[in-house]
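Participant: To start, I am sharing the structure in question, which I have written as structure tokens.
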Amino acid sequence: MTTLGILGGGQLGLMLAEAAAPLGIRCRFYDPVAEPCAAVAGEHVRGGWDDHAALDAFAEGLDHVTWEFENVPVELVERLRARVPSTPSGYSLHIAQDRVREKTFFGELGLETAPWRQVDTRADLSTALEALGAAIVKTRGGGYDGKGQARASGPADGDAVWAALGGRPLIAEGLVRFEREVSVIACRTRSGEVVTWPLAWNVHEGGILRRSIAPAPELDPAVAAAAEHIGRTVITALDHVGTLCVELFQVGDRLLCNELAPRVHNSGHWSIEGAVTSQFANHVRAVCDLPLASTAMAHPVAGMWNWLGDVPEVLPSGPHLHSHPYGKEPRPGRKVGHLTATGATVAEVLERLG
Ligand code: AMP
């Protein structure tokens, strides 16, 4: 039996294992916490990201390795790669772990982003806010779900932003007045075959994804093609094997690249029931050297609603509703599960999501 090692054992690992089992592939997780939620779906090896002995025990007998957590140290991935040759390279992680590298990478590929400035000192911050006006200042690394971010309406807010974030490497981005947020998810095999899923329309609250609808409604075919081009360009330039996501701002018919997630992504969870093949199944296929399968919609429309904090007391169910509790301890703002609805129209799906 093939054994796939996964660095990180959160809900993304859980859903990867759920997609791997029907392919006859079992998963083993590496995670520092005592009881990661993916442990219900496979063996868990506990250890820190610098615990070489635990990592060696984890790597024993693995056929392939991948990750579901993007803050895995790049050196660790490269070290595992020497033992388990099929691990995707750490290059995607290297780019995605630093927002300045990420923005530079997009720019070098000719892809548009918000205007941005690197900020290392209080003086840099003043210069950036004078140039950009209204801005979002973010830590360059380690942030997620809107954490490590502060908004400024102009240079007058410099002191407050510096008090909140100063002393760490930062990036200031011009505030984009987007019409909506969308994301493109792509998957690539080692031989370079690329597939993309229909574009998702995403709504965030407080920097956290709340809802996704796919395909994004009223999508101009030219914008859909531009998004697909972005997905293909990014995944190919990274020589990435497996699934990744590029989060985008739509401004008229322009798409600005906001962020790269070098892994399966929350805005693709709808694909488990909404697409013929999910982002998880194709990721497992890609990293285990199996051919990719169809990313077409399995229903006209699919939508996903994130449960934050706690899951509902009675989990919704029905022919068009699919509950995914992650078995995580309730905590304010924490992603603890999601609900997927499918239907004939966007209105029907929105109504089913409640
Ligand atoms: P991020 O962590 O970069 O994905 O940011 C989280 C969320 O904050 C995004 O999904 C947007 O809703 C918002 N956001 C981030 N950067 C910008 C920006 N430059 N302009 C406008 N909104 C932004």
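The values are calculated or read from the model by the stated rules, or taken from the named source; none is laboratory data. Computed from a predicted structure; not experimentally measured. Cβ placement follows ideal geometry from the backbone for every residue including glycine, while neighbour counts extend to all protein chains displayed. With ligands, DNA and RNA removed, areas are computed over all heavy atoms of the protein, side chains included. Shrake-Rupley method; radii C 1.70, N 1.55, O 1.52, S 1.80 Å.
Participant: Under a crude label model (7 Å from the Cα following the beta-carbon direction), how far is ASP50 from GLU130 in nanometres?
Facilitator: Between ASP50 and GLU130, the simple spin-label model gives 4.0 nm.
Participant: Across all directions of projection, what mean area in square nanometres is found for the Cα convex hull of the stretch 2-86?
Facilitator: If you wrap the Cα atoms of the stretch 2-86 in a convex hull and average its projections, you get 4.8 nm².
Participant: Assigning unit charges at the beta carbon (Lys, Arg +1; Asp, Glu -1) and nothing else, what dipole magnitude in debye, to the nearest 20, does the chain show about its Cα centre? Mind showing how you got there, number by number?
Facilitator: Working: 31 positive and 42 negative charges, 23 e Å.
Once rounded to the nearest 20, the dipole reads 120 debye.
Participant: A further question follows. Using the Cα centre of the stretch 1-105 as origin and beta-carbon charges of +1 (Lys, Arg) and -1 (Asp, Glu), tell me which of GLY10, ALA59, TYR91 is placed farthest towards the positive end of the dipole.
Facilitator: TYR91
Participant: While we're here: Within a Cβ distance under 13 Å of LEU4, other residues only, what is the Lys/Arg minus Asp/Glu net charge?
Facilitator: After counting each charged neighbour, the total is -2.
Participant: Right, next: Add -39500 (n - 2.57) for each DSSP H run of 4 or more in the chain, then divide by its residues: what number comes out at 222 nm, to the nearest 500 deg cm²/dmol?
Facilitator: Calculated at 222 nm, the ellipticity per residue is -8000 deg cm²/dmol.
Participant: Let me ask another. So, counting K/R as plus one and D/E as minus one, what does the shell of residues with Cβ under 9 Å around GLU247 add up to?
Facilitator: After counting each charged neighbour, the total is -2.
Participant: Keeping all protein chains in the complex and leaving out DNA, RNA and ligands, what accessible area do you get for ASP120 with a 1.4 Å probe, in Å² to the nearest 10?
Facilitator: 80 Å²
Participant: Lys/Arg Cβ at +1, Asp/Glu Cβ at -1, dipole of the chain taken about the Cα centre: which of PRO36, THR196, PRO73 is farthest positive-ward?
Facilitator: Projecting each Cα onto the dipole axis, the largest value belongs to PRO73.
Participant: Another question, then. What FRET efficiency comes out for the pair VAL276/ALA164, r = Cβ-Cβ distance, R0 = 51 Å, nearest 0.05?
Facilitator: 0.70
Participant: Still on this model: Could you pull out every residue, at least 5 positions away or on a different chain, whose amide H is within less than 5 Å of the one on GLY343? Hs are placed 1.01 Å off N in the peptide plane, and Pro or chain starts have none.
Facilitator: VAL301
Participant: Set the bar at 25 Å for Cα to Cα. Now go through LYS103/LYS328; LYS147/LYS328; LYS103/LYS335 and name every pair that lies beyond it. Write down the numbers at each step before the final one.
Facilitator: Working: LYS103/LYS328 33 Å; LYS147/LYS328 20 Å; LYS103/LYS335 27 Å.
Checking Cα-Cα distances, LYS103/LYS328; LYS103/LYS335 exceed 25 Å.
Participant: Residues in the stretch 20-64, backbone N under 16 Å from the label point at GLU329 (7 Å along the Cα-to-beta-carbon vector): list them, ranges by number please.
Facilitator: 32-39
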